[in-house]
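Student: Sharing a structure, written as structure tokens. Questions coming.
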Amino acid sequence: MPLPENPWILDSVPKSNIHEVDHIVRLINRLEKNRQVKVLVVDDAAYSRFYMRNLLEKHKLTVYEAADAYCALEILAGEPDIRLAIIDYFMPAMDGLALTARLRETYSRDELAVIGISAGGSEHIPERFLRGGANDFLAKPFGSGEFTCRVINNLDRLDTILEIREAAYRDYLTGLYNRRYFMEAGHKLFANAQRGNLNICIAMIDVDYFKSINDNFGHDAGDQVLRQVSACLQRNLRKADLVARYGGEEFCVAALNLNYREALRVFEKVRATIEETVFYVNHKPLHVRVSIGVSTHLAHSLDDMIREADRSLYQAKHKGRNQVVVNLK
């Protein structure tokens, strides 16, 4: 398995085939993305690992090495966001097929791509790898060009699937998560809260007098307000908090590990920040207010907590709007 002849050349195409230029364009586009991508190489042969690491690092990928399956599992436990694993079949203690099966207990093909590799052996190894959970297979010895194409193809496929999922889970107007995603992810958070792994509180946030904004300034102005309120929420809540557009001018937040006093402080800050912010609609200044209802009591279900937060929101509206109501139960 020779090293690339010129360490400065990533790839090349024949002048006679202009269509292969598309491959070079894809390669250039991938280089910047690859800086955020982690790859795991699992092979008991040190020279083979060195060869693949050399090729992968030339493409700006972050590479982890494992000489056996157990070391690979340990690395993945510490780096769960690894996106591609290249796994050799012949390894001591646990072979590549068994390791792939273990990985598929945690990661789907759409979350972690696996490329199986093998030098000789049974002609059924490629089939067994692919049936056993691998996304792709390469027979040793392989050249740098084929290896690069397989890696790029698998990473591009993962990106495409991620983009499709993001489109399905994101609100088109605000860029926040939509109600569908909130309910799916929220149920997982609620289950963790029931097991005692974390605390969860639910907040419902509603833009006050939103109908009058639409009536007086037009629906485009209302859209601009929703986008700016969304940006305020993202800036003033933590990355660990789940923020979604729940519908219309209403937003829902699942905030983690906040008690009653902390929840009141956090959401009062959100309310005050929105009140103090000068929104611009069609280049004209506009002041916006929100009412917020929060439930900090772990109810029987996520739906019950949402209903409780909604009741708190109704109380905030009833008391005059532009305020926060936090209920313990």
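Student: Select from region 81-133 the residues that are among the small types (Gly, Ala, Ser), touching a residue at least 40 places away in the same chain (Cβ under 8 Å) and in contact with a helix residue (DSSP H, G or I) (Cβ under 6 Å, 6 or more places away or on another chain) and list them in ascending order. Quick ask: steps written out before the conclusion?
Tutor: Step one: of region 81-133, the residues among the small types (Gly, Ala, Ser) are 85, 93, 96, 98, 101, 108, 113, 116, 118-122, 132-133.
If we keep only those that are touching a residue at least 40 places away in the same chain (Cβ under 8 Å) as well, we get 85, 96, 113.
Correct list: Ala113 only.
Student: With respect to Val229, determine if the residue is of a type outside the set (Phe, Trp, Tyr), in the same structural domain as Lys211 (by TED's automatic domain parsing) and surrounded by 15 or more Cβ atoms within 10 Å (Cβ to Cβ).
Tutor: yes
Student: Under the condition of being more than 17 Å from Leu27 (Cα to Cα) and within 23 Å of the chain's Cα centre (by Cα), which residue from region 140-163 is modelled with the highest pLDDT?
Tutor: That would be Ile161.
Student: Among the residues that make up region 99-113, is at least one of them within 20 Å of Arg53 (Cα to Cα), in the same structural domain as Ala45 (by TED's automatic domain parsing), out of contact with any Ser or Thr (no Cβ under 7 Å at 6 or more places or on another chain) and among the aromatic types (Phe, Trp, Tyr)?
Tutor: No; the residues of region 99-113 include none that is within 20 Å of Arg53 (Cα to Cα), in the same structural domain as Ala45 (by TED's automatic domain parsing), out of contact with any Ser or Thr (no Cβ under 7 Å at 6 or more places or on another chain) and among the aromatic types (Phe, Trp, Tyr).
Student: How about region 30-108: which strands (runs of 3 or more DSSP E) wholly inside it have at least 3 residues that are more than 19 Å from Phe142 (Cα to Cα)?
Tutor: On the way: elements: 38-42, 62-66, 84-88.
In region 30-108, 62-66 are the strands (runs of 3 or more DSSP E) which contain 3 or more residues that are more than 19 Å from Phe142 (Cα to Cα).
Student: Continuing with the same structure: Residues in region 136-144: is at least one assigned to a helix (DSSP H, G or I), touching a residue at least 12 places away in the same chain (Cβ under 8 Å) and in contact with a helix residue (DSSP H, G or I) (Cβ under 8 Å, 6 or more places away or on another chain)? Walk me through it before giving the result.
Tutor: Filtering region 136-144 for residues assigned to a helix (DSSP H, G or I) gives 144.
The next check asks that each one be touching a residue at least 12 places away in the same chain (Cβ under 8 Å); those that pass are 144.
Imposing the further condition that a residue be in contact with a helix residue (DSSP H, G or I) (Cβ under 8 Å, 6 or more places away or on another chain) reduces the set to 144.
Scanning region 136-144 turns up at least one residue that is assigned to a helix (DSSP H, G or I), touching a residue at least 12 places away in the same chain (Cβ under 8 Å) and in contact with a helix residue (DSSP H, G or I) (Cβ under 8 Å, 6 or more places away or on another chain).
Student: Next up: Out of Arg261, Arg271, Arg307, Arg245, I need the residue that is within 15 Å of Asn199 (Cα to Cα) and basic (Lys, Arg). Which one? Don't jump to the end; show me each part of the working.
Tutor: Values: Arg271 fails: within 15 Å of Asn199 (Cα to Cα); Arg307 fails: within 15 Å of Asn199 (Cα to Cα); Arg245 fails: within 15 Å of Asn199 (Cα to Cα).
The match here is Arg261.
Student: Quickly run through region 261-300 and pick out the residues that are part of a helix (DSSP H, G or I) and free of Cβ contacts under 8 Å to residues at least 60 places away in the same chain. Break it down stepwise before answering.
Tutor: From region 261-300, those part of a helix (DSSP H, G or I) are 261-276; that's our starting set.
Across region 261-300, the qualifying residues are Arg261, Glu262, Arg265, Val266, Glu268, Lys269, Arg271, Ala272, Thr273, Ile274, Glu275, Glu276.
Student: Sticking with this one: Evaluate the following for Asp44: is it under 16 Å from Ala134 (Cβ atoms), charged (D, E, K, R) and either surrounded by fewer than 21 Cβ atoms within 10 Å (Cβ to Cβ) or assigned by TED's automatic domain parsing to the domain that holds Ile152 (or both)? Break it down stepwise before answering.
Tutor: Values: under 16 Å from Ala134 (Cβ atoms): no; charged (D, E, K, R): yes; either surrounded by fewer than 21 Cβ atoms within 10 Å (Cβ to Cβ) or assigned by TED's automatic domain parsing to the domain that holds Ile152 (or both): yes.
Here the answer is no, as Asp44 does not meet what is asked.
Student: If you check Arg245 against the conditions, is it out of contact with any Phe, Trp or Tyr (no Cβ under 7 Å at 6 or more places or on another chain) and not β-branched (Val, Ile, Thr)?
Tutor: Values: out of contact with any Phe, Trp or Tyr (no Cβ under 7 Å at 6 or more places or on another chain): no; not β-branched (Val, Ile, Thr): yes.
When the stated conditions are applied, Arg245 does not pass them.
The values are calculated or read from the model by the stated rules, or taken from the named source; none is laboratory data. Remember, predicted model here, so these are calculated numbers, not experimental data. Every residue, glycine as well, gets a Cβ built from its backbone with ideal geometry; the counts of neighbours run over all protein chains shown.
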